[in-house]
1. Put +1 on the Cβ of every Lys and Arg and -1 on every Asp and Glu Cβ in the protein assembly as shown; which of B:L297, B:I95, A:M79 then has its Cα farthest towards the positive end of the dipole?
2. As I understand it, the dipole of the protein assembly as shown uses +1 on the Cβ of Lys and Arg and -1 on the Cβ of Asp and Glu, about the Cα centre. Which of A:Y37, A:V276, B:L116 lies farthest toward its positive end?
3. Over the range B:235-309, one equal point on each Cα, no solvent: what is log10 I(q)/I(0) by the Debye formula at q = 0.11, 0.26 Å⁻¹?
4. Among B:S125, B:S288, B:S218, which one shows the highest mean-square fluctuation when chain B is modelled as a Gaussian network with alpha-carbon springs under 10 Å?
5. Would you grab the residues whose amide H sits under 5 Å from the one on B:G353? Only those 5+ places off in sequence or on another chain, please, with H modelled 1.01 Å from N.
6. Need one number for the range B:131-191: average projected area of the convex hull over its C-alpha atoms, nm².
7. Quickly work out the A:T266-to-A:E368 label distance, labels modelled 7 Å from Cα along the C-beta direction, and quote it in nm with one decimal.
8. Using only alpha carbon pairs under 8 Å that are at least six residues apart, calculate the relative contact order of chain B and give it in whole percent.
Amino acid sequence: MINKDLSITFLGVKFPNPFCLSSSPVGNCYDMCKKAYQVGWGGVVFKTIGPKSYFIDEVSPRFDKLNKENTPFVGFKNMEQIAEHTLEENLRDLRKLKEEFPNQVLIASIMGNDEQTWEDLARMVTEAGADMIEMNLSCPQMTSHAMGSDVGTNPELCKKYCQAVKRGSSLPMMAKMTPNITDMVPVALACLEGGADGIAAINTIKSICNIDLDKKIGLPIVDGKSSISGYSGKAVKPVALRFIQQMRQDKRLKDVQISGIGGIETWEDAAEFILVGSRTLQVTTAIMQYGYRIVEDLKNGLMHYMEEQHVEHLEELVGLANKNIIPAENLNRDYIVRPEFDLDACVHCGRCYISCYDGGHQAIVWDEVNRTPSVNKDKCVGCLLCGHVCPVSAISKGEITIKPGRKQDPKKIRL
Amino acid sequence: MDKKYLEEIEPGFSPLTIVEEASRCLLCLDAPCSKACPAGTNPDRFIRSVRFRNFKGAAEIVRENNALGAICARVCPTEKYCQKGCSRSGIDRPIDIGRIQRYITDFEENTKMKILASGKRNGKSVGIVGSGPAGLEAAYMLNKLGYDVTIYDKEKVAGGMLNFIPEYRLPNRVVVNEIKRLKDLGIKFELGVSVGVDLPLNELKSRHNAVILGVGYSYGKMLPAFEGNRNVILAVDLLKKIKARKGNVKLPENILVIGGGDVAMDVNTSLKLLDVNHVTDVVYEKFSEFKASKKELEGAQALGVTIIDGYVPEKVKGKTVTFKHREIDATIKVKADKIILAVGQRPDVTGLGVELVKGEVNEGTPYVTKDPKVFVAGDIANSKYDKTVVGSVRTGKEVALKVDEAIRSGRAK
């Protein structure tokens with residue numbers, strides 16, 4: 001079995017591998033984190049510890065999920081807030097975990113409701129032995145508007161609280177961003193100005209997953225009512241990658257160290273987050289669905305990817321895709337690449353024809369006798385929707401045509 | 001008695017597996033499944049409804065296209081029809097269309113949907129002889145077209161050949177429910193009346209504007225060598241008896257079956273499910289030319305039926321039958337407690353005024369007879385469709401249109 005070094009340094013702390021539990025129900029107590037460490041997670045972001053005065057009172061039930069066809073958990077909705085254990089219990093757990101797992105990284109997630117509580121919490125988790133602090137500025141389902149994502153959309157408040165945390169602790173600190181905002185950059189910059197060393201992104205997206213059609217209530221139903229709350233899982237991955245990319249492409253943030261979060265389930269998802277600039281990766285939803293054991297394939301798959309990429313250190317992969325994601329106005333618009341049909345692989349379902357007609361440019365010609373597609377070059381604009389709907393991947397990028405009046409060498413175009 | 005015979009041998013889909021199966025469907029442009037369904041049940045359309053979670057819409061599509069949708073879902077040899085050209089076969093295996101249809105019709109039944117509706121009455125009436133699949137489908141179609149329909153059957157229970165199909169494949173309740181839907185539309189049933197014997201055809205003709213003869217191949221064929229042998233039972237008689245008595249039939253330990261069609265497989269499997277120890281089936285056809293559906297053949301074999309292909313019965317003496325191989329020099333002798341002959345069926349058209357050529361009324365045009373008021377459907381119709389339930393359903397649809405046309409044009413009065 002392959003064995004490669006997956007270690008990476010993030011905010012000065014060495015992680016044995018980039019995979020961490022995110023601050024959530026999956027890192028709620030000593031026993032859970034212990035098991036996660038034992039299974040091989042590189043780090044744990046312990047479930048957010050709040051101020052003593054803030055009473056956590058959860059609803060029941062508290063989750064919902066979005067399905068598509070026979071795939072459950074396309075997306076997941078969570079109404080749980082922050083750690084419900086007492087401050088003393090949480091600190092005791094942190095202490096115990098650090099003692100027993102000194103080589104794996106322990107990150108304390110904290111959330112205050114004013115400068116003083118932020119500072120106090122930072123001091124307490126530092127004393128308890130945490131290696132790093134994550135500021136939760138982004139939980140979308142808090143019952144207080146002085147906490148969570150309402151704070152995370154306000155750059156000034158974020159900066160002030162970052163400063164407070166830095167007064168309470170000298171540990172490396174990352175600020176966790178909310179995606180419930182048009183542009184994350186001003187908030188990230190404010191946090192860095194306030195002293196944050198890095199950024200964690202993204203927290204969950206405010207959502208309504210489903211409505212009960214008979215009762216006319218959002219799900220989950222809590223005594224006849226429901227609320228908007230955070231959405232996570234595979235469905236949010238594209239949103240997370242976009243926010244991380246946008247931060248990395250801002251020149252003020254281009255070197256910022258990021259912990260990537262949002263729908264990571266497989267090593268491929270993990271590699272994508274690394275390629276857009278994440279150094280560590282945090283996971284919750286996939287663990288809630290499948291358990292801590294998923295880290296085995298995350299790690300092994302990532303090792304094989306490194307091998308294929310001839311990479312010895314994970315760090316070499318960080319941010320490699322950033323430069324290849326550019327503003328739309330800068331893309332080469334001088335050519336068309338038309339589909340090529342592999343008729344041996346074709347199963348003759350005609351889905352390409354349907355989608356091209358109803359969602360494209362009526363450019364596929366259907367041979368009714370042989371049940372085979374071909375392309376009408378005059379009509380095809382090279383959108384390649386057909387390739388996406390083909391169930392057997394029998395449609396690939398074919399001939400390149402340069403648009404009239406444009407000067408390009410088709411051989412030099414990278415498909 | 002073991003309950004195996006009374007339970008459907010193939011499990012139905014669950015709410016989870018129906019979605020999985022429907023998701024496998026490629027939702028083709030020119031779906032081969034729908035083109036291949038003799039009954040026109042339109043599988044590509046109802047699978048798409050399931051895929052988009054419209055189960056009620058799916059039930060409407062099945063039911064409006066096929067009044068025997070729940071029956072066909074269970075007994076149709078889908079491998080020969082809808083599933084044969086399934087595009088998904090290009091990836092792995094065809095969509096299990098029969099089972100999807102079964103889920104939909106079970107849903108329809110469980111949610112007590114009322115889908116079928118009568119057409120506006122036109123004051124005309126049609127009498128149908130035979131309450132098998134052809135007669136039932138014709139009745140539904142004619143009712144929808146506005147006719148008052150009465151179905152006559154010599155048996156006391158409606159359903160014709162459907163009552164021969166074993167319980168594990170087609171539960172009686174499904175047939176009863178299907179017929180009840182038709183009764184609810186106002187279609188009348190006169191049972192225990194043998195038209196042509198108890199009730200002259202002329203009487204029927206005077207009662208109705210047109211008459212459809214939908215008599216099936218409900219009698220088993222006898223082979224001359226077995227005539228008069230007390231140990232011989234005809235397959236259809238046995239199947240009917242087992243089904244009517246819900247499996248409570250005394251059977252010996254060792255039974256010989258002769259025949260290789262679907263009826264023979266029904267006998268084989270029924271006997272095994274009723275715990276007959278030795279079931280030996282000797283078949284004229286070789287496996288490569290078998291008539292029975294592959295699924296039924298494999299089902300019988302899986303239950304431990306000994307099937308010997310390529311042999312012809314040569315000599316019968318009491319309980320012992322000697323067979324010779326069709327091509328090579330080989331002889332086998334089987335001694336059994338009972339001998340079941342499953343070598344084909346025949347109709348009985350006594351008193352119905354039609355002449356049969358090779359078991360069919362052949363006037364050049366399908367469904368018509370020499371009498372402009374009398375039509376034929378089902379097994380005895382000279383149609384291009386197989387003598388299966390689904391084939392009969394199709395003839396029922398077509399004869400209904402033929403009758404409507406004849407009455408409206410005044411050819412039948």
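The values are calculated or read from the model by the stated rules, or taken from the named source; none is laboratory data. Note that the structure is predicted; figures quoted are calculated from it, not measured. Cβ placement follows ideal geometry from the backbone for every residue including glycine, while neighbour counts extend to all protein chains displayed. These area figures cover heavy atoms from the full protein model, side chains too; ligands, DNA and RNA do not enter into them. Shrake-Rupley method; radii C 1.70, N 1.55, O 1.52, S 1.80 Å.
1. B:L297
2. Positive-most Cα among the choices belongs to B:L116.
3. -0.24, -1.26
4. Taking springs between Cα atoms under 10 Å, the residue moving most is B:S288.
5. none
6. 3.8
7. 3.9
8. 18
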